[in-house]
Amino acid sequence: MEAMAPQPTEAPTMGAVNTLICGPPCAGKTTWVAEHAPPGATVICYDTTAAALGHRGPGRPPFKLGRAAEAEVQRQLARLERGEITGAYVIRTMAGACRRADLAQRISAAIVLLLPDRDELMRRAAQRHDPHTTARDIDRWLTLEAAGTYAHRGNERASARDATGQRWVL
């Protein structure tokens, strides 16, 4: 039996000109964008950015390439904030409703949260190159989502920052 496609669980942001698609690993974020974004739409995604920079996966890119991919994603998000890009689809895992709302407001985006049940996520993870790591990442995302915060270096609530002190949206 095929699982039903998850439905968005968060309301669109008023005046949204972009779409923020979030959810745990294996939620179907990339598939959702492929099915809903119009041809030629700007898609901002860590995985596709890493691939464009030379990652030939499967799995996570090497550390330096991953940092370069994240820096490029952050550059694109800054362009969205400045209104230089509209009609974009942004794919982020982003656990925590407050974090999603903060980013959505900054980039004028409607939020689409894809959240299949854990069993379905684990079924999908089992098909990945590294199912153990993917399953761990899913459970971490679900824990953070349930807590409503993003833990960074202990129990404090904080954003990651790059070398210049700019806030990164993870």
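Can you find even one residue in segment 67-75 that is of a type in the set (Gly, Ala, Ser), free of Cβ contacts under 8 Å to residues at least 60 places away in the same chain and surrounded by fewer than 16 Cβ atoms within 10 Å (Cβ to Cβ)? No, the conditions are met nowhere in segment 67-75.
Being under 29 Å from Asp130 (Cα atoms) and of a type outside the set (Val, Ile, Thr) is a description that applies to Glu72. Would you pick out the residues in segment 39-66 that are in contact (Cβ under 8 Å) with a residue 24 or more places away in the chain and more than 18 Å from His129 (Cα to Cα)? Ala41, Thr42, Val43, Ile44, Cys45, Thr49 - these are the residues of segment 39-66 that are in contact (Cβ under 8 Å) with a residue 24 or more places away in the chain and more than 18 Å from His129 (Cα to Cα). Are any residues in segment 91-133 within 15 Å of Thr30 (Cβ to Cβ), open to solvent by 20 Å² or more (accessible area, probe 1.4 Å) and assigned to a helix (DSSP H, G or I), and if so, which ones? Once the filter is applied, which keeps residues that are within 15 Å of Thr30 (Cβ to Cβ), open to solvent by 20 Å² or more (accessible area, probe 1.4 Å) and assigned to a helix (DSSP H, G or I), segment 91-133 yields only Arg124. Selection of segment 44-61 for residues being among the β-branched types (Val, Ile, Thr) and outside any helix (DSSP H, G or I) yields only Ile44.
Taken over segment 1-37, the residue count meeting the criterion of being open to solvent by 30 Å² or more (accessible area, probe 1.4 Å), modelled with pLDDT of 95 or more and over 26 Å from Ala135 (Cβ atoms) is 1. May I ask you to list the residues in segment 38-66 that are open to solvent by 20 Å² or more (accessible area, probe 1.4 Å) and of a type in the set (Gly, Ala, Ser)? Result: Gly40, Ala41, Ala51, Ala52, Gly54, Gly57, Gly59. Listed conditions (1) in contact (Cβ under 8 Å) with a residue 60 or more places away in the chain; (2) touching a Lys or Arg at 6+ places or on another chain (Cβ under 8 Å) are all met by Leu115, apart from (2).
Can we say Pro116 is farther than 25 Å from Ala37 by Cα and not hydrophobic (A, V, I, L, M, F, W, C)? No; evaluated as a whole, the condition is false for this residue.
In segment 76-90, which residues are open to solvent by 20 Å² or more (accessible area, probe 1.4 Å) and not in a strand (DSSP E or B)? Passing the criteria: Gln76, Ala78, Arg79, Glu81, Arg82, Gly83, Glu84, Thr86, Gly87. In segment 141-149, the count of residues that are over 22 Å from Val17 (Cα atoms), open to solvent by 40 Å² or more (accessible area, probe 1.4 Å) and assigned to a loop (DSSP other than H, G, I, E, B) is one or more.
The values are calculated or read from the model by the stated rules, or taken from the named source; none is laboratory data. Fair warning: this is a prediction, and the values are worked out from it, not measured in the lab. Cβ coordinates were reconstructed from backbone atoms using ideal geometry, including for glycine residues, and neighbour counts include every protein chain displayed. Areas reflect the complete protein model, heavy atoms only, side chains present, ligands, DNA and RNA absent. Shrake-Rupley method; radii C 1.70, N 1.55, O 1.52, S 1.80 Å.
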